[in-house]
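Any read-out appearing in this document is the output of simple, stated calculations on the displayed coordinates, not a laboratory observation. It should be emphasised that the depicted structure is a prediction, and the values quoted were computed from it without experimental measurement. Note that each Cβ is placed from the backbone with ideal geometry, even for glycine, and that neighbours are counted across all protein chains shown.
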Amino acid sequence: MTGSITDGFDYGILDWFAGLHNPVLTEIFKLFTYIGEAGAIWIVIGIILIIRKPTRHIGVTLAVAIILSLAISNGIIKNIVARSRPCWLNPDVKLLIPNPWDYSFPSGHSSAGFASATAIFAWNRRYGMAALVLAGLIAVTRMYFYVHFPTDIIAGVILGTAYGIVAYIFIKRFRSKIPGL
């Protein structure tokens, strides 16, 4: 449809997900996709972690990671690349969630999720694994709902992971110099 070199890959996966549509899975996936809106679940988790002194450094790391994701992935890259969403390009698709208004590449849900989950994982493997699973589920829902190409998701995962690592390195290095951490 768009003539991109990744079209066969992207649309093949999206069509496979479309074949999974059923009312029960749709409702479950709506829950996951909605908690990922605007990084909502990650913001809540970050606030909870910041409130508790023993986990404050993890919450601050998560906050830095999600700010990087918002600023770079959503604020800069999406607007430079300006990639149309698959649901905009394929008029035959019946959307099961509201039509997103912003561009597709990279996936903001995936970027924010993996930035946050990586930040948690860097400090605490057990909770980090749970966060990575949640971030992965949120990312998958974006393909299920035909609002992101798989390559958008892959880019979001890679960028988000990088933001989480950068945030971890920064906070770990300057933790002793930041009062209250």
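Rundown of residues vs (1) surrounded by 22 or more Cβ atoms within 10 Å (Cβ to Cβ); (2) closer than 14 Å to H109 by Cα; (3) over 11 Å from the mean Cα position of the chain (by Cα), yes/no style:
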site: R142; (1), (2), (3): yes, yes, no
site: T151; (1), (2), (3): no, yes, yes
site: K172; (1), (2), (3): no, no, yes
site: L181; (1), (2), (3): no, no, yes
Residue tally, condition surrounded by fewer than 21 Cβ atoms within 10 Å (Cβ to Cβ) and touching a His at 6+ places or on another chain (Cβ under 9 Å), over the stretch 106-132: 1
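Scan the stretch 113-126 for residues that are out of contact with any Leu (no Cβ under 8 Å at 6 or more places or on another chain) and in contact (Cβ under 8 Å) with a residue 40 or more places away in the chain and jot them down.
Pass one, the stretch 113-126, residues out of contact with any Leu (no Cβ under 8 Å at 6 or more places or on another chain): 122-126.
Hits for the stretch 113-126 are A122, W123, N124.
Taking the stated definitions as given, is D152 of a type outside the set (A, V, I, L, M, F, W, C), over 12 Å from S69 (Cα atoms) and touching a residue at least 60 places away in the same chain (Cβ under 8 Å)? Give the steps one after another, and end with the answer.
Working: of a type outside the set (A, V, I, L, M, F, W, C): yes; over 12 Å from S69 (Cα atoms): yes; touching a residue at least 60 places away in the same chain (Cβ under 8 Å): yes.
Yes.
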